[in-house]
1. Filter the range B:39-52 down to the residues that are within 7 Å of chain A (Cβ to nearest Cβ) and among the hydroxyl-bearing types (S, T, Y), then identify the one that is surrounded by the most Cβ atoms within 10 Å (Cβ to Cβ).
2. Within the range A:291-329, track down each residue that is of a type in the set (G, A, S), at pLDDT 80 or above and not in a loop (DSSP other than H, G, I, E, B).
3. Under 9 Å between Cβ atoms, at least 6 apart or on separate chains: pull out the pairs that start in the range A:212-240 with a residue that is closer than 16 Å to A:Y163 by Cβ and end on any residue that is of a type in the set (D, E, K, R).
4. Which members of the range A:279-311 meet the condition of being closer than 23 Å to A:I345 by Cα and surrounded by fewer than 19 Cβ atoms within 10 Å (Cβ to Cβ)?
5. For the range B:53-102, give me each residue that is within 8 Å of chain A (Cβ to nearest Cβ) and under 20 Å from A:K430 (Cβ atoms).
6. Please report, ordered by residue number, the helices (runs of 4 or more DSSP H) entirely within the range B:20-116 with at least 3 residues that are under 25 Å from A:A54 (Cβ atoms).
7. Kindly list the number of the only condition in (1) in contact (Cβ under 8 Å) with a residue 60 or more places away in the chain; (2) more than 14 Å from chain B (Cβ to nearest Cβ); (3) within 20 Å of A:I432 (Cα to Cα) that fails for A:S24.
8. Assess whether A:K157 counts as being crowded, with 22+ Cβ neighbours inside 10 Å and farther than 30 Å from A:W341 by Cβ.
Amino acid sequence: MNTYASDFIETVLGQIKYKKAHASITVELQNHISEQAEGYMAESMGEDEAFCKAVAQMGNPAEIGKRLHKTHKPKTEWSIMLLLGAIVVFGLYIISIYSSLYFDYSIFYKQVFFAGLGICAIILFYFFDYTKLEKYSIPLYFVTSLLLLLAIMFGSKMQGRAYIQIWGFGFIPSFVAIPLILIFYAGLVKKWCDGNVGNLLKLIGASGLPLFIILLEPSLIYCSIVGVGLLTMFTFGICGGNYKGNRRKTLIIIYGSLCALVFLIFVYVLSNIPYGTERFTVFLNPQRYARGAGYTNVVLDNILSSSKFLGSSESTYISGNGLPSANSEFIFTFVVGSLGWLFGILLIVLLGLIILRLFVAASKVRHEYGKYLCVGICCVFSLQVIVNLLMNLGLCPIFNVALPFFSYGGASYLFNMALIGLLLGVYRRKDIIEKLERNSLSQ
Amino acid sequence: MKVDKELLKGSTTMLILKLLDGGDMYGYLMTKELERRSDNTFTLKEGTLYPILHSLESNQMIQAYWENTESARKRKYYTITKGGKKLLLEKEKEWAHYADAIRKVLGGATIEHICI
């Protein structure tokens, strides 16, 4: 390249701190200068003179570089960070209320420890460059699935569910696997969602694998939550720029066959998994089972219907610690019962706002791989919140789903922090990562 | 006639969006097209186009894609998005209002008078 041009570009790049944006800017500016110079040369100007004039046309390189740097620098999503901070503090406050009400202080100290670990996790994932893994998506996806399968098959069990215990902290294996599955699945969608039928079938097969394994755990609800996440990523892939082919037809076929499949799995699970059917009949008529499996539903209903706007409910279930899992799955009911609806509404507003901001942040990511990942994360996070709140309100059968950042427990805490950290990390790099790939926008 | 650079500054975004509204283009082509359509009134320092394009892209007003050319040169084409079209419409309205106001102050009334 001509020295006038390379000097100019070097000065521009000198202002742009993040190297990942350099390659595409270099090519773009190079092309501009060369094309301009070629134009001058066609008017029988010497090469050197032509380039000199073309570069002079461009303007002040340092100023251009400074202005480009403003666009191509890390972006911080402050609203999500602030909301998350508020949620962590509020969550700890609620656990402290629980601890002092039932004289169980160790729970509070442990939760503070989990929050600390969670913040470490979020920092780790925030700075973790997820794009480095894109190349290895396929093998890593299958390795993760396989490890999850091994953990479920050979790991220990607790109440019929797979369970891993490390240094006294127990968790279900899929909590570790799900963030990884989302990361690698984003790579698969990017690679295979191109309109080729064979690739599409591969992608469908690949989606089924981890879902089936999670179902073996057995965790119907996490299988469904992740399933919706993967499906949404898949749908975005089909609607994305790489897809060539009839989008509507593909989506209709996929969604149609999926509805049939989900129905079959639903019937199978209900009839084969212990407490499967019972869970639903209990949900439909809790009073009939009030002494047995319907007990929780009756207690939830009793607490919520006797709660005040502000202050503790008169329900004996609150004063007498009669609500099962009051610090985990049913923390929302505990909040409303012990502090009043005002606090319950505050909780819903905080979680609702962060979900909204997560979706808005995801919509601003242009890089396809990152976008798929963000979409998956948004789904998995918000579905946990929605399912948990619905079951607290008696609007959905009871599942083993914690309320992110409010329920006591380290696994759910770290899991959700990792998810949000990943999303913030993708958002952070949204204007830094520029790739020189040809992706025509087929309309 | 050369116009004051400051006059151009505020409206470059609108002009870029307008150009892209007519079809996908790459940077060099845009500067030439701008010169041609304005009878060489708008000769901006060409490099300053790129910071504007990149920031519009980051805000999803336009989208970019790479296209290979015969000369094995890769060109970064830009295309306007729905959001960009909306912004263009707003900017055009704003501009029309502004131009109208200027004209009135500069004695547009007499022109109106003649028209009647």
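1. The qualifying residue surrounded by the most Cβ atoms within 10 Å (Cβ to Cβ) is B:Y50.
2. A:S305
3. Cβ pairs passing all conditions: A:E217/A:R161; A:P218/A:R161; A:S219/A:R161.
4. A:V298, A:D301, A:S305, A:S306, A:K308, A:F309, A:L310, A:G311, listed by residue number.
5. B:H54, B:S55, B:E57, B:S58, B:Q60, B:Q63, B:Y65, B:W66, B:K76, B:T79
6. B:27-37, B:49-58
7. So A:S24 meets the others, but not (2).
8. No.
The values are calculated or read from the model by the stated rules, or taken from the named source; none is laboratory data. Quantities reported herein were computed from a predicted structural model and do not represent experimental measurements. With ideal geometry, Cβ positions are generated from the backbone for all residues, glycine too; neighbour counts draw on all protein chains shown.
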